[in-house]
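A short write-up of the structure that comes next.
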Amino acid sequence: DDRSIVRFEKNIPYVYCSPFYERKPFPKIPDRYPMAGIFILEKKRVETVSRRRLTRREAVFRLLPQVVIREETPPSQIKKQWVRAINFVDRLERAVPVYTLSYPLNPKSKTKIINEAILNR
């Protein structure tokens, strides 16, 4: 349910720290991190954690709804903003892999199992 700010710098996507309140504070040393991949979390009726790399088409369709287009955008600019959003998502998908990460409905330690699934390739 969190959103991040992603920007390209010299063809490398960077994720910026959320400017919003964190429930569980953690040390934020740099103000940005190079992006290595995207994991879309899916809570499911499964026994174990699994991940699946999305196809290009799947990734674009899963990421596009996450792009924020400001409500204040003048009607004459909405089409232009959507074209920019589509191009950005396409560029992002080409730069980093996009996965779904499915995990059980009642995991013992969601953080632990998700970290293990991400780090164990």
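Checking the condition part of a strand (DSSP E or B), modelled with pLDDT of 70 or more, closer than 23 Å to residue 44 by Cβ and in contact with a Gly (Cβ under 9 Å, 6 or more places away or on another chain), which residue from 99, 103 passes? Walk me through it before giving the result.
Numbers: 103 fails: in contact with a Gly (Cβ under 9 Å, 6 or more places away or on another chain).
Of 99, 103, the one residue that is part of a strand (DSSP E or B), modelled with pLDDT of 70 or more, closer than 23 Å to residue 44 by Cβ and in contact with a Gly (Cβ under 9 Å, 6 or more places away or on another chain) is 99.
Residues in the stretch 38-93 that are over 20 Å from residue 11 (Cα atoms), in a helix (DSSP H, G or I) and open to solvent by 60 Å² or more (accessible area, probe 1.4 Å): how many?
13
The values are calculated or read from the model by the stated rules, or taken from the named source; none is laboratory data. All figures in this text were calculated on a predicted structure; none of them were measured in a lab. Methodologically, a virtual Cβ is constructed for each residue, glycine included, from the backbone with ideal geometry; neighbour enumeration extends over all protein chains shown. Please note that ligands, DNA and RNA were not included when accessible areas were found on the heavy atoms of the full protein model with its side chains. Shrake-Rupley method; radii C 1.70, N 1.55, O 1.52, S 1.80 Å.
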